[in-house]
Structures are given as structure tokens and as C-alpha cells.
Amino acid sequence: MRNLRIVGAIFAKDLRVEWRHRETLVSMCVFGLLMVFLFNFAFEPAGEEALRLLPGLLWIAFAFAGILGFNRSAAAELENSCLEGMALAPIDPGLIYLGKMLANLFFLLIAEAVVVFAVSLWYNFSFLPSIKWFALTVFLGTLGYVAVGTIFGAVSANTRMREVMLPVLQFPVAVPVFIAGIEATTGALRGSPPAEYASWLRLLIGFSVVFLVLSYLLFEYVLEE
Amino acid sequence: MPSDESRVELALELLNVSKFFGDLAALKEVHLRFEPGDSVLIYGPNGAGKTTLLRILATLARPSEGRVFFNGRDLRRDPAPAKSRIGFVSHATFLYGELSARENLRFAGTLFGVSGVEKRIREALELFALLDRADEPVRKLSRGLQQRASLARAFLHDPDFLLLDEPFTGLDAASAENLRAILKGLPERGKAVVFSTHDFEQGASIARRLVALDRGRVKYDGPLSHAPLGALRIARGAGRTKDA
Amino acid sequence: MGNKTFPLTLHLLLTLVWVFVALYMIFQYAPEETTMGEVQRIFYIHVSSAWTAFLAYFLVFVGSVGYLWKRAPFADDLAQASSEVGLVFCTCVLVTGPLWAKPVWGIWWTWDARLTSTFVLWLLFIAYLMLRSYVLNPGRTEVMAAVVGIIGFVDVPIVYMSIRWWRTQHPQPVIAGGEGSGLDAAMWITLLVTWGAFLCLFSYLLRQRLWLAEGRREARRLRQGLALQTSRE
């Protein structure tokens, strides 16, 4: 289907543009690593305490790495008015949103993987026993976060003080992602039976669906002049 | 009536369009109609509203008042048919600096649903003499070359309406002459060319029709050869021409 | 339409009367709460403000949808006015919370379900108002704000739900003492009367703000009309 090809093309374009220099991806990873590094001064991560604090730490690192990514992804379209260039095409504006959302998702997942790897190394914590459910949880939470972050990134790009505007918009709206993400991650890392934190996963799925659809429908208004 | 039917086809029309930016009126009660085969110079002093006019025609901006019609249909409802028939060149290049001209065109080709895209890309690159620099990142190209790549992008989907906002800026003499020849030949092929430029002589050598804008208002819309002195005074006042 | 409806002075009078009645009921009619004493009476103001703030955000949503759908300037005025007045009521919740909590529990703040949700709502109001000020191209403000207003509102129930679930798993001291459950009949009546008073006050302030917005729009319309007049031959 043509729409699928268009989304694919936009996704591929974002990847290709980023791949030339990989600046944004590298900054996201470095930022995440720095946060994990600083956290290690806050507490001595050993055993039970680690289990209590790691999920929160992880999601905070993910959150800020994501903000960086959304800002730069949106800014890249402002240069040479490329976003308008896409708006000139006879395509549904929501497809532009989907393409960029998938690219943001891709890069944030990579940065998150780097952060998780660093945490497992520096905190001597193995994610492997719970890797399946942990990965699913992180994916679902990231999906919801990116669903909102992509459209807010585009909105903020039209403001002055855009680096401030984006977190101010994103963090309150993403509260359910933080809560559900942290709760489900805690459950997954403890090895609790999935049924115990399944409702949190369902919340993440619901959040993602709602805001993917809503952002898809509303994106044309962000392009409008 | 049959003749009216064919007139309605493929016309790009502004009806009583005004555009406000805050309290500033960039366009005031503009009525304009463009059809394939038209060759139009939009001229006026800085701030006259030329860019705003072209952006509204290109569907990038919405009028504050009034309507824009393509093919008899209001653009606000369904802009897609118009977009596939319009090519727009502006101050911004719409090109991704990290990608090559070829990659940029390929991307545009997918978005615009161009069939036989590789062939079309080669043709567009050839048209603007870009074949030998087509695979370098666009940001490495000079302003003039970037402008040519931007033109190639606008031509890629073979649009019926070419809207160009000061397309000659940054072009060297040879490229400008090349573009001039291209634009001059388009109306014969059934395309419409609507462009603005600072060089009145250059514009007059291409266009047959003049739309003179002053402070957002259309002061003259008609054949260039019959343009009254008043309109020409506006036009000449805006650029550097040999006459006083 | 605007002039024929309920005149503003009458509205103000009604508001003052209603507020007075509510205050009387809060201090005289409602029974004293067994454990917390007199301070508990702030609960009526605290909860009424919260409900009003949420209603205000609903109006932001209605205005936002209305603007995107119909492009009616009034819809945007409604969204903007509701957000400003709503912020005031929302702040009231966050101020009365500590005023209540400190004497009773000795703590300034607790992240219970209501306070946390209200704080998120407060952040949403702030974000909305910040956006309205910071958009670079003023002509796009209404549309951008509408997008944010809609996304924010759809989020509110999800936020509320997630915080409640979270709090049932990790309970904290609850300021309300159980919203709705275990309230005396007299307390219920007082609460409803107080909420009514707050709604009356809210609608009065909203109408004042809308009147101001309409005036500004009228002035702009005149200026734009003037801009069109000049250079017309």
C-alpha cells in the first residue's frame, strides 16, 4: 500500500540522515550514560536496594535521552524548511508523524539498550533472567513516550524557548508512562509473575494506542500555517 | 456549458483572499486565476506580499479570509489533488543537507508518487546540469547548485503549475539563462509558470502576463505588453532597471 | 447573544450571595469532624476547587475541539479564558492542601491521589499557557494551543487512573479521608453548596475574561479592517 511505503520512506530518510553523522544518537547515548554515572553517587546499588531504585533511574535516563532525541529530530526538519517540503507532497500529514515517530522510537530504543548495558556493567546487575518481560515493558513504555514526544517535538519547534517548552509539555502528559513503566519494570526485574503487573502493561498499551491515533489525527494542524 | 467546463479544469484560483499576520495585512482582497499555459510574473516592492501569495497558492499557507480553489474544489477540504499538480520553489530549498541531490529526489519521488522515478530523477538532474554532483551531500554544494537541486525537486513530478519565489537568486549567469529558457518553454507544453523576481527585465523576458502587487493589493493583472505606466512604475520602482 | 443573557452585575451579586451562604454552611452548618477539628473545614474549599479546576480543563478541551472544527474565534477565547481561570482554582487546591495537612498531620505535602493528579493538572495548565505565549508565529497560536489542549485533556483521566492505581499499591496518608465515602449527609450538602458557589464564581470570572477577549478581538477586527481600507483606490 502506498501509505505504508510513504511511512517507510520517511522512516528510512530519518535513519539515513542521522546515519551520516550519528550526532543525535551518540548524544542520546552519552546523555543517558552520564545520568547513570551521576546516579551512582546517589546510592550504593547492591541487591534489594538496587531493585527498588533501578527502575526509576532507568526511566529517568530514558526520559531525558528521549527529550534530546525529539528536539533534534524536529529541529532537523526546520533546517531548509524540510517539514514544509514534506507538507507540499500529496500525502496524509499523519503519515509524516508516523514516519518520524518510528524513527524516534528506533533511536530511543538503541539509546536505552546502551543505558541498560551500562547499568548491568556498572551496577553488577543482570537483566538476563528477566530479559523477555523487561524488554517488552521498556518497548511498550517507550512507544507511548515517543507517540507523545514526536508531536510535542514538532509543536515545540515552533516556539521560542523550545528546549524548555518540550519537557514542560512532555513530562506532565507522560506521567502515566512513568508510573506504569516503573511499576511494570519493577515487577519484571523482580521476576514476579506477569499477571501481577499485567494491568500496568495494559495501561501502556492503551496509552500508546490512544496517543498514536490522536497524534496521527492532530498532526496536520501542527503543519498548518 | 462545455467551454466553461474546460475552463474550470485545472485552474488555480484565489477568491477575495486576505492574509493577516497579527494586524499586518500581507494580502488584501486578492482575486487571481491561473490556468495551464499561463506565464505570469509577480512583481512588486519588498513586503508587497509576493512570497505570501505564492505560499498560499502552493498550499503551504491558508488565507485568513477568502478561498483558494483548484479544479473548482476548495483547497481547504482536499488539498491532495492540487499538491500533486503543483511544484514550488522558495527561498528554502526543502533539501536534507546530509543527503545527496539524488537521495533527496528519490525521497521526493516516493512522496509525490512519481512512477518511473529513477528515469525522472535522471531527467530532472540533467535538466539542471546536476548529474556530476548528484551524489554529494547537498550541504557541500554551493548556494547556486543547491538552488538547482531545489528546482529539480520541483520539476520531478511533472507538475502543471510551477510556482517559483525568486528562483534566480544565487544562480550564476549560465544557470540563470538555462532556467530562463526552461521557464519560457513551459507554457507551450501546457504548464503554468508563476514566478517572482527582483530583476524586472529578466522577468519580462519570460512572462507574458504581469501581476503587480503593492502593499498586499493587486494593482494590475494583465498582459505585460499592455501594462499601464502606473503598474510599471510600481514594478520598476521595486527593481533596478535601466529606465528612470 | 451576549447582551441578552444574564447580566454580569446580577451574576456577581448571585456569586457573592452564594459564597456567603456557602461560608456560613461551612462554618456553622457542617458538623465538626471528629478527629481533625476545625481545620477540616478547609476540605470543602479544597475539594470544590479541585472539581472546578477539572471542569475548567474540560472547557479548554471543548474550546480546542470547537476551534479546530469550526474555526470559531469564540471557541479559542473559551479555551484561553478557561485555562487562565482554571489555573487560579487549581492553584487554590494546591495551596489549601498544605494549609490543611500541616496542622492535622504535621506534614506540608503528601503525594496522595488527589493532590498528585491536581498537581499534574496544574502543570498542564501552565504548559498550555506557556505555549500560548511562546509560539513564534502568532497566527498559529490558536491551532497549536488547541492541539495541546486536546492531548492534555485526553491524558487527564489516564493520569488520574494511573495515579490512583499507583497509590492503592503504595498507600500514603490521604488528605480527603476517603473521597465521598464516610461523609455525613450534612457534610455532603455543604460540599455541594460550596461547589455550587465555586461554579458560580468560576463562571463569573470566565465571563469577565471572555468579555475581555471579545473586546480585544473586536479591536483587532477594526484594525485589520483599517489595514484593508488603506491602499484601496
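The values are calculated or read from the model by the stated rules, or taken from the named source; none is laboratory data. All of these numbers come straight from a predicted model, not from anything done at the bench. Because the Cβ atoms are built from the backbone with ideal geometry, glycine has one as well, and the counts that use them run over all protein chains shown.
Taking A:N158, is it within 14 Å of chain C (Cβ to nearest Cβ), more than 30 Å from B:D158 (Cα to Cα) and out of contact with any helix residue (DSSP H, G or I) (no Cβ under 6 Å at 6 or more places or on another chain)?
Yes: the conditions hold for A:N158.
What are the residues in the range A:172-207 that are in contact with a helix residue (DSSP H, G or I) (Cβ under 7 Å, 6 or more places away or on another chain) and more than 11 Å from every other protein chain (Cβ to nearest Cβ), if any?
Within the range A:172-207, A:A184, A:T185, A:A188, A:L189, A:R190, A:G191, A:P194, A:L201, A:I205 meet the criteria.
Can you give me the number of residues within the range C:131-172 that are crowded, with 18+ Cβ neighbours inside 10 Å, among the charged types (D, E, K, R) and more than 7 Å from chain A (Cβ to nearest Cβ)?
3
Confirm whether B:A101 is more than 15 Å from A:G85 (Cβ to Cβ) and either hydrophobic (A, V, I, L, M, F, W, C) or in contact with a Pro (Cβ under 8 Å, 6 or more places away or on another chain) (or both).
no
Mind checking which residues of the range A:16-35 are in a helix (DSSP H, G or I) and either closer than 14 Å to B:T110 by Cβ or within 11 Å of chain B (Cβ to nearest Cβ) (or both)?
If the condition is that a residue be in a helix (DSSP H, G or I) and either closer than 14 Å to B:T110 by Cβ or within 11 Å of chain B (Cβ to nearest Cβ) (or both), then A:R16, A:V17, A:E18, A:W19, A:R20, A:H21, A:E23 are the ones that fit.
Kindly indicate whether B:H198 is surrounded by fewer than 17 Cβ atoms within 10 Å (Cβ to Cβ) and touching a residue at least 40 places away in the same chain (Cβ under 8 Å).
yes
Away from every other protein chain (no Cβ under 14 Å), in a helix (DSSP H, G or I), modelled with pLDDT of 90 or more and under 23 Å from C:L78 (Cβ atoms): is that true of C:R216 in this structure?
no
In the range B:181-190, what residues are touching a helix residue (DSSP H, G or I) at 6+ places or on another chain (Cβ under 6 Å) and surrounded by fewer than 17 Cβ atoms within 10 Å (Cβ to Cβ)?
If the condition is that a residue be touching a helix residue (DSSP H, G or I) at 6+ places or on another chain (Cβ under 6 Å) and surrounded by fewer than 17 Cβ atoms within 10 Å (Cβ to Cβ), then B:K184 is the only one that fits.
Of everything in the range A:146-169, what is within 15 Å of the chain's Cα centre (by Cα) and of a type outside the set (S, T, Y)? Give them in sequence order.
Those that are within 15 Å of the chain's Cα centre (by Cα) and of a type outside the set (S, T, Y): A:V146, A:A147, A:V148, A:G149, A:I151, A:F152, A:G153, A:A154, A:L166, A:P167, A:L169.
Condition first: farther than 21 Å from A:G8 by Cα and either away from chain B (no Cβ under 14 Å) or crowded, with 23+ Cβ neighbours inside 10 Å (or both). Can you find one or more residues in the range A:88-109 that meet it?
Checked the range A:88-109: no residue is farther than 21 Å from A:G8 by Cα and either away from chain B (no Cβ under 14 Å) or crowded, with 23+ Cβ neighbours inside 10 Å (or both).
Tell me the residue from C:G149, C:G182 that is within 19 Å of the chain's Cα centre (by Cα) and either modelled with pLDDT of 90 or more or more than 30 Å from B:A25 (Cα to Cα) (or both), please.
C:G149
Looking only at residues in the range B:201-219 that are within 14 Å of another protein chain (Cβ to nearest Cβ) and either more than 9 Å from B:Y43 (Cβ to Cβ) or of a type in the set (S, T, N, Q) (or both), which one is surrounded by the fewest Cβ atoms within 10 Å (Cβ to Cβ)?
B:R215
Taking the range B:48-73 on its own, how many of its residues are touching a Gly at 6+ places or on another chain (Cβ under 9 Å), among the small types (G, A, S) and touching a residue at least 60 places away in the same chain (Cβ under 8 Å)?
Result for the range B:48-73: 3.
Does the range A:75-83 include one or more residues that are within 20 Å of A:L25 (Cα to Cα), among the hydroxyl-bearing types (S, T, Y) and within 14 Å of chain B (Cβ to nearest Cβ)?
no
Quick one: which residue in A:F152, A:F117, A:F134 is of a type outside the set (V, I, T), within 30 Å of B:G113 (Cα to Cα) and assigned to a helix (DSSP H, G or I)?
A:F152
Is one or more of the residues making up the range A:125-145 hydroxyl-bearing (S, T, Y), more than 30 Å from C:I150 (Cα to Cα) and out of contact with any strand residue (DSSP E or B) (no Cβ under 7 Å at 6 or more places or on another chain)?
Yes - at least one qualifying residue is present in the range A:125-145.
Any residue that is more than 17 Å from the chain's Cα centre (by Cα), over 11 Å from A:V148 (Cα atoms) and not aromatic (F, W, Y) - is there at least one of those in the range A:170-178?
The answer is no; no qualifying residue exists.
For the range B:18-64, which positions are crowded, with 18+ Cβ neighbours inside 10 Å, part of a strand (DSSP E or B) and away from chain C (no Cβ under 12 Å)?
Listed by number, the residues that qualify are B:L32, B:F34, B:S39, B:V40, B:L41, B:I42, B:Y43.
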